[in-house]
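A.B. asks: Provided herewith is a single structure, encoded as structure tokens, for subsequent inquiry.
The values are calculated or read from the model by the stated rules, or taken from the named source; none is laboratory data. Because the structure is predicted, anything quoted here is derived from the model rather than measured. Glycine gets a Cβ as well: all are built from the backbone with ideal geometry, and neighbour counts include every protein chain shown. We work out accessible area using only protein heavy atoms, side chains counted, and drop any ligands, DNA or RNA first. Shrake-Rupley method; radii C 1.70, N 1.55, O 1.52, S 1.80 Å.
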Amino acid sequence: MRQTTDREAGAASGAGSRCPLMSARELADFLGVPLNTVYIWNHRRQGPRAHKVGRYLRYRWPEVEAWLETQAVDHAA
């Protein structure tokens, strides 16, 4: 039987500073927009930065949150 290393055990449990990637569907649900909007943003290079994993788009939570901050509207002016 093969022994697992601490690194493999940590990766399998999601330990460390890593967080799971978000799918396009999860992003659409999180932002409250249609899924097609997420795909259009990606095609036009708008919206949060996407990463290709195989044939799928995936998003990192910190990048989505940073992008969301740039979308804030300032009505004080």
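A.B. asks: When you look at E8, is it at pLDDT below 85 and assigned to a helix (DSSP H, G or I), yes or no? Spell out how you get there, then give the answer.
C.D. replies: Details: at pLDDT below 85: yes; assigned to a helix (DSSP H, G or I): yes.
When the stated conditions are applied, E8 passes them.
A.B. asks: Any idea which residue in the range 31-51 is surrounded by the fewest Cβ atoms within 10 Å (Cβ to Cβ), counting only those that are of a type in the set (A, V, I, L, M, F, W, C) and under 16 Å from L21 (Cα atoms)?
C.D. replies: L31
A.B. asks: Being modelled with pLDDT under 95 and open to solvent by 90 Å² or more (accessible area, probe 1.4 Å): is that true of S17 here?
C.D. replies: Yes, satisfied.
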